[in-house]
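Structure, as structure tokens:
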């Protein structure tokens, strides 16, 4: 076995110390280089390209609030109660009662509803949002599209604002407002699930150009308005169509289809 002298060990220790010092200086230089102003500028530039979390959150749509829409249209929605005289199987006279909804399209007492709400009625009573009641003085109907207009003897009524139903889109939020189940004016919300829908009632009867929605529609709010989140009327709900559909799906007659018919019916009303 070889033996090393003390001078050799001294030289080895000296070299080790020099190498350690050089390595330490190199680490300091690397640290300074990594913190150079150029890198800081580059990091700031990269950070500017990153999406701001607050911006991303701001782009997410908040839940649709129909409070203002309901406030705007509710004074124009009316409850309609009708009486029908029929006969039972024994030939006895029976007076039946039914309820529906409607909405004021003209401040001079003109109201839109469904044909099936007023069809064969012997008396029609309209209750306004402020509690006043009026008897219908004239009715015009268009059964093929389940539409009707009613005239009451009143003026200066709050008329609805009409929307552009030709610009609707699937996924748009909507609300049905009416005399739900005959228990007073209420609102149900949903979304447009399909447009230009056709529903077949029988071999000879069908309706086209319908708005399909998941907003709840029942015999009470039938004839009431379907509105967008701005409170504009875009359709007329119909429980008659609902009867031939499936649970959870409601239908409204698009105002785009209905308005020309409504205007024609209004022109037939007495002055």
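List of remarks:
- When the alpha carbon gyration tensor of the range 71-139 is reduced to an equivalent ellipsoid, the three semi-axes, largest first, read 27, 11, 10 Å.
- With N counted as the residues of the range 67-267, its alpha-carbon radius of gyration over 2.2 N^0.38 Å works out to 0.96.
- Extension reserve of the residue 107-residue 74 stretch, reckoned as 0.36 nm per residue once the Cα distance is removed: 10.4 nm
- Among 212, 205, 119, the ranking by other beta carbons within 10 Å of each residue's beta carbon, starting with the fewest, stands as 205, 119, 212.
- A full extension of the chain between residue 132 and residue 153 corresponds to an added length of 6.4 nm, given 0.36 nm per residue minus the alpha carbon distance.
- The residues 249, 152, when put in order of fewest to most other Cβ atoms within 10 Å, stand as 249, 152.
- Computed FRET value (nearest 0.05) for residue 229 with residue 271, which takes r as the C-beta separation and R₀ as 41 Å: 0.65
- Taking 7 Å steps out from each Cα toward its Cβ at residue 161 and residue 264 produces label points 3.0 nm apart.
- Spin-label model, residue 84/residue 169: points 7 Å from Cα along the beta carbon direction are separated by 4.1 nm.
- Label positions at residue 142 and residue 204, each projected 7 Å from the Cα along the C-beta direction, are separated by 2.1 nm.
- Fewest-first ranking of 229, 251, using other Cβ atoms within 10 Å as the exposure measure: 229, 251
- Gain on full stretching of the segment that runs from residue 123 to residue 195 - 0.36 nm per residue minus C-alpha separation: 22.4 nm
- Length-normalised contact order for the range 67-267 - Cα pairs under 8 Å, 6+ apart - percent: 22
- Evaluated at q = 0.10, 0.14, 0.17 Å⁻¹, a Debye calculation over the C-alpha positions of the range 150-271 (equal weights, vacuum) places log10 I(q)/I(0) at -0.30, -0.60, -0.87.
Where a number appears in this text, it was derived from the coordinates with a stated rule and is not lab data. These numbers were taken from a predicted model, which means no experiment stands behind them. Cβ: placed from backbone, ideal geometry, glycine included. Neighbour counts: every protein chain shown.
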